[in-house]
Amino acid sequence: MKVRTEHIKQAVREYAFVEPVSAFPILQEMESAGECRFTGPVQVTVKACREMDHYRVEGALTVPVQLTCSRCLCCFDNPVASRFTIFFREGVAAQEDEDELELAEQDLISTCFSGDEIDLMPEIAEQVALEIPVKPLCAEGCKGLCPACGADLNSDSCSCLIEQKPSKFAVLKDFKVRS
Ligand SMILES: [Zn+2]
Ligand SMILES: [Zn+2]
């Protein structure tokens, strides 16, 4: 997933990349930590060009992802699709420059590269990682599992919660009265 700078010095070029998740160490780590499961390759299309003192890489990425709901433990598909704009500067950019850029255009990413190629892999991996929720939910209103009997409350009903709720409220009421 590399762009040769000599190809984009004079003209805007478009690229399409398909890369297996095994090529991204960060994503592999997430998978082995059980945070998610990638069910296909990372697909990226970008438009790259030179712009003043930096290279501008603008594009979109998609990757099919399976997550485990943090409430009901079901597996569900949650493909990542995101758009990005990254500025690549040659060499090590001064810290102030980066700060200024971030203040001016907050949703844009600025990073550095050296040599005659821009490697998109680290930035793409980061983009994907950002899109994976820490506490995935299969649906906004997922009811989760019953803590007492383990029934999936999205599809089953059990009598545990009905019995538990009144007593919980009763405790709360007593507490309020006293304070
Ligand atoms: Zn769920
Ligand atoms: Zn139950």
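The values are calculated or read from the model by the stated rules, or taken from the named source; none is laboratory data. For clarity, every value in this text was computed on a predicted model and none was experimentally measured. Please note: Cβ atoms are built from the backbone with ideal geometry, for glycine as well, and neighbour counts cover all protein chains shown. With ligands, DNA and RNA removed, areas are computed over all heavy atoms of the protein, side chains included. Shrake-Rupley method; radii C 1.70, N 1.55, O 1.52, S 1.80 Å.
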Residue count for region 40-87, restricted to those that are under 17 Å from Glu131 (Cα atoms), polar (S, T, N, Q) and out of contact with any Ser or Thr (no Cβ under 6 Å at 6 or more places or on another chain): 6
List every residue pair whose Cβ atoms sit under 6 Å apart, with the two residues 6 or more apart in sequence or on different chains, where the first one lies in region 133-153 and is assigned to a loop (DSSP other than H, G, I, E, B) and the second, anywhere, is open to solvent by 40 Å² or more (accessible area, probe 1.4 Å) and within 9 Å of ligand 1 (Cβ to nearest atom). Lys135/Ser70; Pro136/Ser70; Cys138/Cys74; Cys142/Arg71; Lys143/Asn154; Gly144/Arg71; Leu153/Lys143
Filter the strands (runs of 3 or more DSSP E) completely within region 15-113 down to those with at least 2 residues that are touching a Cys at 6+ places or on another chain (Cβ under 8 Å), open to solvent by 40 Å² or more (accessible area, probe 1.4 Å) and modelled with pLDDT of 95 or more. 65-68
